[in-house]
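Colleague: Pasting in a structure now, in structure tokens, and then I'll have a few things to ask.
The values are calculated or read from the model by the stated rules, or taken from the named source; none is laboratory data. Small disclaimer: the values here were computed from a predicted structure and weren't measured. Cβ placement follows ideal geometry from the backbone for every residue including glycine, while neighbour counts extend to all protein chains displayed. These area figures cover heavy atoms from the full protein model, side chains too; ligands, DNA and RNA do not enter into them. Shrake-Rupley method; radii C 1.70, N 1.55, O 1.52, S 1.80 Å.
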Amino acid sequence: MVQVGAARGSRSGKSGQSNFFVGFHKHTIYGLIRFQAGFVPVALCSRVQPANISERRTAKSLFNFVRRSLPFWPMRIAVGDKGYLRGWLAAWYRINWQLVYLVRPKADMKPPRGCDSDGCPLCPAGERLRWEDYDPQDQVLLWRGQPAICKCCPLRAQCPGQFEADASVHETFWGMLPTHTELARRLLRQLRPRVEPGFNIAKNCHRLKDIFLNSRQLAQMVCTMSDVLETINVVIKLSPHDKREVRKYLKDDIHQPELRD
């Protein structure tokens, strides 16, 4: 069988990129510990793969490793890059793990029918609905109307007040946590832009770009050591009081598995 495209090591040309995949990709899951008014990022695990391997193949193995090796770590929401986007994978996480797999929709994606451009459902009067909750038993999303608008609506007598929709209609726009909600927007706005800078800081501080890695095993070893150094640097910057507070908040998160505060 003749290999073509990414399987052969080539990729579509873009400005500033070579025409071929060279080297390895480092895939890392960061866990955020809430303390004071912010978060402490900690590298939970990393996986090194050849550059022509799709990110989607790696995401599930990383999550499996965290669930198996770190059962005390609460995994409820994962914010990922568009390269990890795949509807069936997000549905599997939602149904089997109750895990929100949050990815910003691509520009060419169309929202579900009966929604505005952000994917927010509209009531019969054409007004945006407010996301209420997700029912894991029936796997449906619950929406309600805006009270200030509903009390003046001419269709109020015939309106049920609460609307349900199958979460699997569009896993990217809806899923377990719809991307048009304020919670999803805040997570994508605050956490997603920190991914690439975090990799660059670790790469420059640990001088990874100066190391010649000629095997995946060696690259995996070096990247694991880099994660350890990065975690140590985070821990030593905390005062004893901060360390106690981090442990307290982590314990609270474990015993309070609500999706929202």
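Colleague: Taking 51 Å as R0, compute the FRET efficiency from the Cβ-Cβ separation of residue 212 and residue 122 and round it to 0.05. Walk me through the numbers before you get to the answer.
Modeller: Details: r = 56 Å, r/R0 = 1.11.
Efficiency, from the Cβ-Cβ distance: 0.35.
Colleague: How much length is gained if the chain between residue 204 and residue 149 is pulled fully straight, taking 0.36 nm per residue apart and subtracting their Cα-Cα distance, in nm to one decimal?
Modeller: Answer, rounded to one decimal: 14.5 nm.
Colleague: Okay, moving on. Per residue of segment 69-78, what does 6.51 cos²θ - 1.76 cosθ + 1.60 with θ = phi - 60° give for ³J(HN,Hα)? Whole Hz please, x for Gly and Pro, Karplus curve as stated.
Modeller: Result, rounded to whole Hz: 8, 10, x, 7, 8, x, 10, 10, 9, 10.
Colleague: Let me ask another. Heavy atoms only, probe 1.4 Å: what % of the accessible area of segment 128-232 goes to carbon and sulfur, would you let me know?
Modeller: That fraction is 57 percent.
Colleague: Using the structure shown, list the pairs from 26/237; 60/82; 26/106; 106/203; 26/82; 60/110 with a Cα-Cα distance above 18 Å, or answer none.
Modeller: 26/237; 26/106; 106/203; 60/110
Colleague: Per residue, what accessible area does segment 56-122 have, given a 1.4 Å probe and all protein chains present, in Å²? Each step should come with its number before you reach the end.
Modeller: Values: 3630 Å² over 67 residues.
Per residue, segment 56-122 has an accessible area of 54 Å².
Colleague: Let me ask something else about it. Would you mind counting up the charge near residue 171? Only other residues with Cβ under 11 Å from its Cβ, with Lys and Arg at +1 and Asp and Glu at -1.
Modeller: +1
Colleague: What is the sum of charges around residue 104, taking Lys and Arg as +1, Asp and Glu as -1, for the other residues whose C-beta is under 11 Å from the C-beta of residue 104?
Modeller: Cβ neighbours under 11 Å give a net charge of +4.
Colleague: Can you tell me how segment 91-159 classifies by the Cα gyration tensor, rounded, prolate or oblate, using a/c under 1.5 as the rounded cut? Present the calculation step by step, with values, prior to reporting the outcome.
Modeller: Numbers: a/c = 2.94, a/b = 1.59, b/c = 1.85.
Since a/c reaches 1.5 but b/c is at least a/b, the shape of segment 91-159 is classed as oblate.
Colleague: Would you please give the residues with an amide H less than 5 Å from that of residue 132, counting only those at least 5 places away or on a separate chain, with H modeled from the backbone geometry?
Modeller: 142, 143, 144
Colleague: Okay, moving on. Determine the sum of side-chain charges near residue 185: Lys and Arg each +1, Asp and Glu each -1, restricted to other residues whose C-beta is under 13 angstrom from that of residue 185.
Modeller: +2
Colleague: Go ahead and run the numbers for FRET between residue 72 and residue 39, Cβ-Cβ distance against an R0 of 22 Å, rounding to 0.05.
Modeller: 0.75
Colleague: Spelling out what I want: for every residue of segment 116-130, take phi, set θ = phi - 60°, compute 6.51 cos²θ - 1.76 cosθ + 1.60 (Karplus), and round to whole Hz; glycine and proline get x.
Modeller: 7, 5, 8, x, 7, x, 10, 6, x, 8, x, 9, 5, 8, 9
Colleague: What ³J(HN,Hα) values, in whole Hz, does the Karplus curve 6.51 cos²θ - 1.76 cosθ + 1.60 give for segment 154-170 when θ = phi - 60°, with x put for Gly and Pro?
Modeller: x, 9, 4, 5, 9, 7, x, x, 10, 10, 10, 8, 5, 5, 7, 4, 8
Colleague: Between residue 106 and residue 185, what is the label-to-label distance in nm when each label sits 7 Å out along the Cα-to-Cβ direction?
Modeller: Here the answer is 2.4 nm between the modelled labels.
Colleague: Of the peptides 87-99, 151-163, how do they stack up when ordered by the mean number of other Cβ atoms within 10 Å, highest first?
Modeller: Descending mean neighbour count gives 87-99, 151-163.
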